[in-house]
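Working notes for the structure below.
The values are calculated or read from the model by the stated rules, or taken from the named source; none is laboratory data. What you see is a predicted model; the values in this text were computed from it and never measured. A quick note on method: Cβ atoms are made from the backbone with ideal geometry, for glycine too, and the neighbour counts reach across all protein chains shown. What goes into the accessible areas is simple: the full protein's heavy atoms, side chains included, and nothing from ligands, DNA or RNA. Shrake-Rupley method; radii C 1.70, N 1.55, O 1.52, S 1.80 Å.
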Number of protein chains: 2
Amino acid sequence: MNFLEERIVKDGIVKEGNVLKVDSFLNHQMDIKLLDQMGAEFKRRFGNKPINKILTIEASGIGIACVAAQHFDVPVVFAKKSQSINLDGEMYVAEVESFTHKCINHVIVAKKFLTPEDHVLIIDDFLANGCALQGLIQIVQSAGATVEGIGIAIEKGFQSGGRIIRNLGFQLESLAIVDGMNAETGEIQFRDQSTAGVSGSVEPGEGEICRSSTLD
Amino acid sequence: MNFLEERIVKDGIVKEGNVLKVDSFLNHQMDIKLLDQMGAEFKRRFGNKPINKILTIEASGIGIACVAAQHFDVPVVFAKKSQSINLDGEMYVAEVESFTHKCINHVIVAKKFLTPEDHVLIIDDFLANGCALQGLIQIVQSAGATVEGIGIAIEKGFQSGGRIIRNLGFQLESLAIVDGMNAETGEIQFRDQSTAGVSGSVEPGEGEICRSSTLD
């Protein structure tokens with residue numbers, strides 16, 4: 001187990017319905033030393049890429065992104081989330097429809113902060129169905145910028161987001177991939193990332209959990 | 001002028017209606033080196049206090065708080081904002097009524113992350129009427145914890161939040177206090193913080209811009 005997996009085992013709480021609570025160290029209370037270790041690990045995994053900007057999404061991605069940015073010596077841009085948005089010409093807006101949550105969310109970034117010269121590392125705390133992440137990728141591409149990689153703290157490997165993103169050819173690095181949880185025993189099963197070929201293929205019909213389109 | 005005032009003059013944009021846009025370096029795109037300088041300055045100003053936790057509020061306070069936390073070597077807790085909330089016993093909830101924006105917001109922190117043993121530094125990016133800040137103070141006090149100080153990046157000195165908080169006896173340190181702006185010329189007038197006695201007194205009737213109460 002790596003440092004993050006160890007911490008999840010120590011302080012994460014498994015709840016009914018495949019819920020993993022990590023709010024004591026990652027997304028409500030934040031252990032800044034752990035965030036710094038994560039930043040160093042992202043730097044190790046993406047250090048060969050010409051990254052000049054980190055993009056994340058409010059709220060819980062911001063802390064991880066800001067501490068990681070110190071390892072890359074680049075600025076952070078955080079996307080805003082909104083259920084309703086007054087469109088104006090100065091924003092990239094991705095409309096993200098969640099079939100799971102039965103709602104539409106907007107992911108918003110001011111145009112002036114993403115340009116074709118940008119080489120972007122996307123960072124977020126959680127990846128499950130990947131709706132928010134698909135919105136972020138869409139916005140980077142709308143700007144003509146390059147997604148150099150995607151760094152995630154915890155991926156729910158039993159949901160389809162990670163597979164879809166990897167199948168699209170992106171370098172997606174999740175520091176911990178949870179393949180299963182047992183709310184009764186509290187047991188958490190992590191994917192062994194030391195071996196190659198972890199991506200698998202998307203089963204027919206399984207991928208369309210969310211749908212996104214750029215509005216601007 | 002200090003480093004933050006200089007940066008505001010260089011990259012801030014004054015808009016009609018006393019709006020100061022600092023989204024290119026502080027609250028949409030974030031200059032991490034600037035955040036680090038701010039963290040060092042907060043440490044200089046609050047270093048003599050027994051701070052063991054930093055409390056901020058989503059979203060734009062989180063980056064500043066996380067980078068500052070590295071200077072204090074403490075964890076960060078960020079409060080969540082919500083217009084509607086299902087109360088349960090595990091949360092501190094402050095109801096903050098904004099007379100200015102004519103709405104009620106809830107500021108929420110899980111009870112387990114604030115205890116009577118906590119000595120808290122509150123950090124946020126902006127202080128104007130201080131509604132959110134009053135909600136944070138209220139939550140710290142509900143938990144029996146101690147507010148050791150309040151660190152703000154930019155205070156709008158012509159609004160009442162700062163005065164009210166200082167009159168209540170809190171050590172409030174704003175790295176830049178804007179006393180006036182001119183949207184036509186782009187000029188920004190900063191308060192000279194090198195002299196003592198900057199707090200002033202609240203004029204009758206001027207203070208009651210927002211009202212807050214703890215629900216739990």
**Request:** Can you list the distances in nanometres, one decimal and ascending, from the residue B:180 label point to the identical position in each other copy, with the point 7 Å along Cα to Cβ?
**Result:** 7.0
**Within the stretch B:91-199, trypsin sites (Lys or Arg not before Pro) in DSSP loop having at most 12 other beta-carbon neighbours inside 10 Å** = B:102
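Dipole magnitude of chain B about its Cα centre, charges +1 at Lys/Arg Cβ and -1 at Asp/Glu Cβ only, in debye to the nearest 20? Each step should come with its number before you reach the end.
On the way: 20 positive and 29 negative charges, 54 e Å.
Value, rounded to 20: 260 debye.
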**Request:** Would you mind listing the distances between the residue A:193 label point and the same position in each other copy? Use 7 Å along Cα-to-C-beta, nm, one decimal, shortest first.
**Result:** 4.0
**Message:** To the nearest 20 Debye, how big is the dipole of the protein assembly as shown about its Cα centre, given +1 on the beta carbon of each Lys and Arg and -1 on that of each Asp and Glu?
**Reply:** 280
**Request:** Take the protein assembly as shown, compute every pairwise Cα distance, and split them into 20 Å bins from 0; I just need the percent in each bin.
**Result:** 25, 58, 16, 0
**Prompt:** Considering only DSSP beta bridges with both partners in the stretch B:42-199, what is the antiparallel share in %, to the nearest 5?
**Reply:** 40
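Tell me what chain B gives for mean residue ellipticity at 222 nm when only DSSP H runs of n ≥ 4 count, each as -39,500 (n - 2.57), the sum divided by the residue total, rounded to 500 deg cm²/dmol. List each step's numbers first, then the result.
Working: 5 runs with 55 residues, N = 216.
About -7500 deg cm²/dmol.
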**Request:** Using a 1.4 Å probe and counting only protein heavy atoms, arrange B:81, A:10 so the residue with the most accessible area comes first.
**Result:** A:10, B:81
**Shielding by partners - mean other protein chain Cβ count within 10 Å, residues of B:111-123** = 1
**Request:** Starting from the stretch A:98-150, pick out the chymotrypsin sites (Phe, Trp or Tyr not before Pro) whose DSSP state is loop and whose Cβ has at most 14 other Cβ atoms within 10 Å.
**Result:** A:99
**Asked** In the structure shown, do any of A:102/B:102; A:33/B:43; A:53/B:156; B:81/B:111; A:49/B:80 have a Cα-Cα gap over 23 Å, and if so which?
**Response** A:102/B:102; A:53/B:156; A:49/B:80
**Asked** Taking springs between alpha-carbon atoms closer than 10 angstrom, which of B:39, B:180, B:63 fluctuates most in the Gaussian network model of chain B?
**Response** B:180
**Asked** If the viscosity is 1.002 mPa s and the temperature 20 °C, what Stokes-Einstein diffusion coefficient in µm²/s follows for chain B when Rh is the Kirkwood radius over Cα pairs?
**Response** 122
**Prompt:** What are the label-to-label distances in nm, one decimal and shortest first, from residue B:48 to the same spot in the other copies, with labels 7 Å along Cα to Cβ?
**Reply:** 5.3
**Asked** With springs only between Cα atoms under 10 Å, which of A:60, A:174, A:194 fluctuates most in a Gaussian network model of chain A?
**Response** A:194
**Asked** Anyone know which of A:115, A:185, A:56 comes out most mobile in the 10 Å Cα GNM of chain A?
**Response** A:185
**Asked** Can you pull the mean other chain C-beta count within 10 Å for peptide B:20-30?
**Response** 4
**Request:** Once you have a ≥ b ≥ c as the square roots of the Cα gyration tensor eigenvalues for the stretch B:1-99, tell me rounded if a/c is under 1.5, and otherwise prolate or oblate according to whether a/b is larger than b/c.
**Result:** oblate
